[in-house]
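Peer 1: Starting off with a structure, shown below.
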Amino acid sequence: MEDFSLVLNYVAYLLPAIVVGVVAYYFFKGHTSNEEGRRRYLLQKESQKEMLPLRLQAYERFTLFLERIAPNKLLVRIAPHSEDVDVYEKMLISNIEQEFEHNIAQQIYVTNDCWNMVNAAKNATIQIIRKTAMNEKVDSASKLRETIIQHFMDEVSPSQKALLYLKQEVGELI
């Protein structure tokens, strides 16, 4: 019986220490996770300050790219050197591909949807040029140029659609 009362005394002394230890453990655990979250938030906020200018620059570069490959502007900027439709078609497509390759690294700063829109605009523009060049009525580079310009007087170009998406995304970013 004496042993039992001795054990009971030890438990009576240890119980408050155990309760204080458990409370301290949960308090420090909560405090540590809160501090870790705060540090993570501050790091993210700091990295956003550095990334925002890079992302905006990427959107600017894609805007310039889309403006440069817009069929009406592309055809005005690149005049045919001869009346051969195939040569002019290849020259236009080559110019679009060069512009694209010049800006390809910017994709890491924009969303996947934005990148897909830019890529789709490029591909659609190339497809329109190829499709128009295959038209039997188009027998010269001047006629190709005229037909494409006429086509986009009535229709919105793929570049303009992608530009609208780009502007919307930048609006959400800012």
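Peer 1: For segment 11-160, what is the convex hull volume of its Cα atoms per residue in Å³?
Peer 2: Dividing the Cα hull volume of segment 11-160 by its residues yields 143 Å³.
Peer 1: Counting only helical runs of four or more DSSP H residues, what would the 222 nm mean residue ellipticity of the chain come to if each run contributes -39,500 (n - 2.57) and the total is spread over all its residues?
Peer 2: -30000 deg cm²/dmol
Peer 1: How big is the charge dipole of segment 69-150 about its Cα centre, in debye rounded to the nearest 20, if each Lys and Arg gets +1 on its Cβ and each Asp and Glu gets -1 on its Cβ?
Peer 2: Roughly 200 debye, rounded to the nearest 20.
Peer 1: Which value, in Å², gives the accessible area per residue of the chain when a 1.4 Å probe is used on the protein heavy atoms?
Peer 2: Per residue, the chain has 70 Å² of solvent-accessible surface.
Peer 1: Can you compute the charge dipole magnitude of the chain about its Cα centre, using +1 on each Lys and Arg Cβ and -1 on each Asp and Glu Cβ, nothing else charged? Give it in debye, rounded to the nearest 20.
Peer 2: Magnitude of the dipole: close to 340 debye.
Peer 1: Using label points projected 7 Å from each Cα along Cα→Cβ, tell me how many nm separate residue 142 and residue 164, to one decimal.
Peer 2: Between residue 142 and residue 164, the label points sit 3.5 nm apart.
Peer 1: In degrees from 0 to 90, rounded to the nearest 10, what is the angle of the helix 112-134 Cα long axis to the longest principal axis of the chain?
Peer 2: Between the helix axis and the principal axis of the chain, the angle is about 20 degrees.
Peer 1: At a Cα cut-off below 25 Å, give the lysines reachable from residue 122, other chains included and same-chain residues fewer than 8 away excluded.
Peer 2: 73, 90, 131, 137, 143, 161, 167
Peer 1: Once the Cα atoms of helix 158-173 and of the chain are each reduced to a long axis, what angle between those two axes, in degrees from 0 to 90 to the nearest 10, is obtained?
Peer 2: 20 degrees
Peer 1: Which angle from 0 to 90°, rounded to the nearest 10, does the C-alpha axis of helix 85-103 make with the longest principal axis of the chain?
Peer 2: On a 0 to 90 degree scale, this one is about 20.
Peer 1: Just name one of 10, 22, 75: the one whose Cα is farthest towards the positive end of the charge dipole of the chain (beta-carbon charges, Lys/Arg +1, Asp/Glu -1).
Peer 2: Projecting each Cα onto the dipole axis, the largest value belongs to 75.
Peer 1: Expressed as a whole percentage, what fraction of the accessible surface of segment 101-174 belongs to carbon and sulfur atoms when a 1.4 Å probe is rolled over the protein heavy atoms?
Peer 2: Roughly 50 percent of what the probe reaches on segment 101-174 is carbon or sulfur.
The values are calculated or read from the model by the stated rules, or taken from the named source; none is laboratory data. All values derive from a computational prediction rather than experimental measurement. Every residue, glycine among them, receives a Cβ derived from its backbone with ideal geometry; neighbour counts consider all protein chains shown. Ligands, DNA and RNA are excluded from the accessible area calculation, which covers all protein heavy atoms including side chains. Shrake-Rupley method; radii C 1.70, N 1.55, O 1.52, S 1.80 Å.
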